[in-house]
Every structure is written in C-alpha cells, then in structure tokens.
Amino acid sequence: MSKVNSDVRRAETPAQLGTAPGFVIRKLYQSYSAMWSRVIGPQLTGPQFAVLDVLDAYDGSDQASVGHAAALDASTMVDVARRLERRSLIVRTRSPIDARRKVVQITSLGESELFRVRERRVQLEQRLFAHNPRRKDEILAELNDLSERWAELAAELAAAED
C-alpha cells in the first residue's frame, strides 16, 4: 500500500484479486472497449457490430437466433435490435410462419456501416496484437476454448441446481 499524503491511503489491487479470472477478464474487456470506442468510434457498439455481422452472413434470420449467434442474451438482443432499427441499419418484421417471432434483415445502410467498421476493426486488431502478431490466432483460439469450457461449466452448474 502506498500513501498519497500522510492522511490518505491509496488503494492498490491486492495480489489475490489480480489473479482472479473474472477480474482479469473485466480489465481486459474494459481496455478493449476503450480501444473500440477510440478506433471504431461511438456510432456502433461491439454488440451492434456483432448483430450486423451475423446478419451479413445470415440475413433474414429470426431475432432469437441472431442474438444467440452474436452471444447476446434475449433482453440485450431486443435492445440492440431496437437501436439498430431506429438508425435504419436493420428492419424487423413478423415471421409469416410464427407471428411471435421477428425476422431481422440488414439494410443497405447497415451494410455500409458494417463495411466501414470492418475496415477499422482490422486496424484495431493490428494494434491489439502488435506485441505478438504471430500468436494472434493461437491467443484467440485459447480464448474461444476457454469461453466454450466455461459455458459448459455454467450449464452444468445450472443443471445441478434444477
């Protein structure tokens, strides 16, 4: 612990907190979000980009599956879709087969925005992995493996509680 002056102590991250996976992930995500905002700009958030990217590959999909593919829970997907729709980047219509479902499509304006952000995302990734560009694929594979394993563990814990 260090002192700022004789009356006030300055807190530092305790060692056990600095090695907690959730804490490290939060710090990583905060840094990533700050860089995203600076490089990409505030016009499109990461979740909004993910939805547009999914729709670029699977246009006309139902809203629930788009949210799942973009790693968004249902309520977040609804919020993201509303915001994108307000900006005319997507359109949502009722499914002709099941009126309870919404079909989501990317607009030409959404495609233009996605193209713009994809170019900047390449710049962001180059900066993020500038320290070790050869390991980029390996690092991302490890993060994806970890994400999948932890999702499995969470599902196992949820099932055990039921």
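The values are calculated or read from the model by the stated rules, or taken from the named source; none is laboratory data. Note that the structure is a prediction, hence the values are computed from the model and not measured. Backbone-built Cβ (ideal geometry, glycine too); neighbour counts: all protein chains shown.
So here's what we get for this one:
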| read-out | value |
| --- | --- |
| Selection within the stretch 126-153 - closer than 25 Å to Trp36 by Cβ, of a type in the set (A, V, I, L, M) and loosely packed, with under 12 Cβ neighbours inside 10 Å | Ala130, Ala141, Ala151 |
| Among the residues listed as Val103, Val54, Val78, Val66, the single one being more than 26 Å from Arg26 (Cα to Cα) and at pLDDT 95 or above | Val103 |
| Selected residue (only one of Leu109, Leu28, Leu89, Leu84 is more than 14 Å from the chain's Cα centre (by Cα), within 28 Å of Ala151 (Cβ to Cβ) and not assigned by TED's automatic domain parsing to the domain that holds Ala151) | Leu84 |
| Breaking point among (1) touching a Lys or Arg at 6+ places or on another chain (Cβ under 8 Å); (2) surrounded by 19 or more Cβ atoms within 10 Å (Cβ to Cβ); (3) among the small types (Gly, Ala, Ser), for Ala64 | (2) |
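Yes/no per residue for (1) farther than 24 Å from Leu128 by Cβ; (2) out of contact with any strand residue (DSSP E or B) (no Cβ under 9 Å at 6 or more places or on another chain); (3) in contact (Cβ under 8 Å) with a residue 24 or more places away in the chain:
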{"residue": "Pro47", "(1), (2), (3)": "no, yes, yes"}
{"residue": "Val51", "(1), (2), (3)": "no, no, yes"}
{"residue": "Asp62", "(1), (2), (3)": "yes, no, yes"}
{"residue": "Ala70", "(1), (2), (3)": "no, yes, no"}
{"residue": "Met77", "(1), (2), (3)": "yes, yes, yes"}
{"residue": "Glu85", "(1), (2), (3)": "yes, no, no"}
{"residue": "Ile97", "(1), (2), (3)": "yes, yes, no"}
{"residue": "Gly110", "(1), (2), (3)": "yes, no, yes"}
